[in-house]
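The values are calculated or read from the model by the stated rules, or taken from the named source; none is laboratory data. Note that the structure is a prediction, hence the values are computed from the model and not measured. So basically every Cβ, Gly included, is an ideal-geometry build from the backbone, and we count neighbours across all protein chains shown. The area values use the complete protein model at the heavy-atom level, side chains included, leaving out ligands, DNA and RNA. Shrake-Rupley method; radii C 1.70, N 1.55, O 1.52, S 1.80 Å.
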Amino acid sequence: MSENATPPSDDDSTPGNAPGLEESIRQVGAAGRQTLDSASHTLRSLRRLASADIALARSAFGRAMAWSGIAIVFGASAWLLLAATLIAFLQYIGLSLFVALLITAVTSLAITGYAVWRVSYFFHHTGMHATRRQLSRLGLFDEPGPEDPDADVKVPDKETP
């Protein structure tokens, strides 16, 4: 034993000081009710927090969509002005209107093609493939087998843009 530890006193071990069985059961029951009340208050607070968080997210999503629309409109108008400036510059350096328009259109199509390729790449990640694999290992979510009616549907590979 360590030097700081106090030895048990003889008063604690006497049966006269211990509460009776009924009193012990009442104390345990009261402690259980307090624990249940505390858990219910905690769950109620958690539900209120989640509800408030969802409301905030819904409001923020709506505002983000509105500002995204504004950004798209002004971004598109800026691109149109930039394309018109590029066409004017190409005509200024001596190219015909047809060639200047063709260069600008090919540039726009190249950027659009690259953006479409990136979108399809990132949308592939929304399939939650790792989660599906883990759920399949647990037997909770099975990938389609040969007996399923949708088994012949082809999923694009990584090489497919």
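Of all the listed residues (161, 149, 156), the sole one being under 26 Å from residue 83 (Cβ atoms) and at pLDDT below 70 is 161. For the range 52-81, the set of residues classified as open to solvent by less than 100 Å² (accessible area, probe 1.4 Å) and either of a type in the set (Lys, Arg) or closer than 22 Å to residue 112 by Cβ (or both) consists of 68, 69, 70, 71, 73, 75, 76, 77, 78, 79, listed by residue number. Scanning the range 89-104 for residues that are in a helix (DSSP H, G or I) and surrounded by fewer than 10 Cβ atoms within 10 Å (Cβ to Cβ) yields a total of 2. Of all residues in the range 10-25, those that are at pLDDT 85 or above have Cβ atoms under 9 Å from Cβ atoms of residues that are surrounded by 10 or more Cβ atoms within 10 Å (Cβ to Cβ), 6 or more apart or on another chain, in 24/18.
Would you check which residues across the range 105-129 are polar (S, T, N, Q) and either at pLDDT 95 or above or open to solvent by 50 Å² or more (accessible area, probe 1.4 Å) (or both) and list them? Lay out the reasoning, then the answer.
Initial filter on the range 105-129 (polar (S, T, N, Q)): 107-108, 112, 120, 126.
Selection gives 107, 112, 126.
Look at (1) exposed (fewer than 10 other Cβ atoms within 10 Å of the Cβ); (2) modelled with pLDDT of 90 or more; (3) charged (D, E, K, R) and you find that residue 37 fails only one, number (1).
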